[in-house]
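Have a look at the structure below, then the notes.
The values are calculated or read from the model by the stated rules, or taken from the named source; none is laboratory data. Keep in mind the model is a prediction, meaning the values are calculated, not measured. Neighbour counts run over all protein chains shown; Cβ positions are idealised from the backbone, glycine included.
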Amino acid sequence: MTTMDVLQENVRTFSPLDPCTPQENDFMARIVDQMAGIPVIPCTDCHYCLPCPYGVAIPSNFAVYNEAVNDKSIPTDKTAPDYTEKLEAFRTKYMEAIPETGRAIQCVDCEACLPKCPQQIRRAL
């Protein structure tokens, strides 16, 4: 949480706090175990990182990537016979989903987003 406003918003979201039941805790633990093996970017789409001084649509870029990882449409094995096809399909989907001015290529590593990110994504990658 990077600001008092963010903290207060989060407190309001979870107030009043009702603790999870043992069954809910077990269920969440199983989900965490399943998700641990998926190499997604841990962005929660909170938009605290925005605006980017260079116009990068940070959460949208992460979302397109994460969706491709989750549906196994992002190419990972360059020796796979469908690598080129998957790469082109991902590229097309990315270009359609993200306007040119918001694409990751616009990022200059100014790191203005990093202190605002409650997930500390740079450290997580």
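Could you check the range 1-34 and list, in sequence order, the residues that are over 26 Å from Lys116 (Cβ atoms) and assigned to a helix (DSSP H, G or I)? So that I can check it myself, show each step before the final result.
Residues of the range 1-34 over 26 Å from Lys116 (Cβ atoms): 16, 18-31, 33-34.
Of everything in the range 1-34, those that are over 26 Å from Lys116 (Cβ atoms) and assigned to a helix (DSSP H, G or I) turn out to be Pro22, Gln23, Glu24, Asn25, Asp26, Phe27, Met28, Ala29, Arg30, Ile31, Asp33, Gln34.
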Task: Scan of the range 75-112 for residues that are more than 20 Å from Ala57 (Cα to Cα) and either touching a residue at least 40 places away in the same chain (Cβ under 8 Å) or of a type outside the set (Ser, Thr, Tyr) (or both), ordered by number - done: Pro75, Asp77, Lys78, Ala80, Pro81, Asp82, Glu85, Lys86, Leu87, Glu88, Ala89
- [ ] Name, by its number, the condition in (1) loosely packed, with under 13 Cβ neighbours inside 10 Å; (2) touching a residue at least 24 places away in the same chain (Cβ under 8 Å); (3) not aromatic (Phe, Trp, Tyr) that does not hold for Val69.
- [x] (1)
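Take Ala63 and tell me if it is farther than 18 Å from Gln119 by Cβ, modelled with pLDDT of 85 or more and among the hydrophobic types (A, V, I, L, M, F, W, C).
no
Criterion first (assigned to a helix (DSSP H, G or I), in contact (Cβ under 8 Å) with a residue 40 or more places away in the chain and exposed (fewer than 15 other Cβ atoms within 10 Å of the Cβ)) does Pro115 satisfy it? I'd like the intermediate steps shown before the answer.
Numbers: assigned to a helix (DSSP H, G or I): yes; in contact (Cβ under 8 Å) with a residue 40 or more places away in the chain: yes; exposed (fewer than 15 other Cβ atoms within 10 Å of the Cβ): yes.
Taking the combined requirement at face value, the residue satisfies it.
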TODO: Identify the single condition in (1) in a helix (DSSP H, G or I); (2) crowded, with 16+ Cβ neighbours inside 10 Å that Cys52 does not satisfy, given that it satisfies every other one.
DONE: (1)
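For (1) surrounded by 12 or more Cβ atoms within 10 Å (Cβ to Cβ); (2) farther than 30 Å from Glu100 by Cβ, each residue gets a yes or a no:
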| residue | (1), (2) |
| --- | --- |
| Glu9 | yes, yes |
| Ser15 | no, yes |
| Val56 | yes, no |
| Lys78 | no, no |
| Tyr83 | yes, no |
TODO: Of the numbered conditions (1) out of contact with any Asp or Glu (no Cβ under 9 Å at 6 or more places or on another chain); (2) at negative phi; (3) without any contact (Cβ under 8 Å) to a residue 40 or more places away in the chain, Cys49 fails exactly one; give the number of that condition.
DONE: (3)
Task: Among the residues listed as Tyr65, Tyr54, the single one being hydroxyl-bearing (Ser, Thr, Tyr) and over 18 Å from the mean Cα position of the chain (by Cα) - done: Tyr54
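Got a sec? Which of Arg30, Arg91 is out of contact with any helix residue (DSSP H, G or I) (no Cβ under 7 Å at 6 or more places or on another chain), among the basic types (Lys, Arg) and under 25 Å from Arg122 (Cβ atoms)? It would help to see each step written out before you state the result.
On the way: Arg30 fails: under 25 Å from Arg122 (Cβ atoms).
Criteria check complete, one pass: Arg91.
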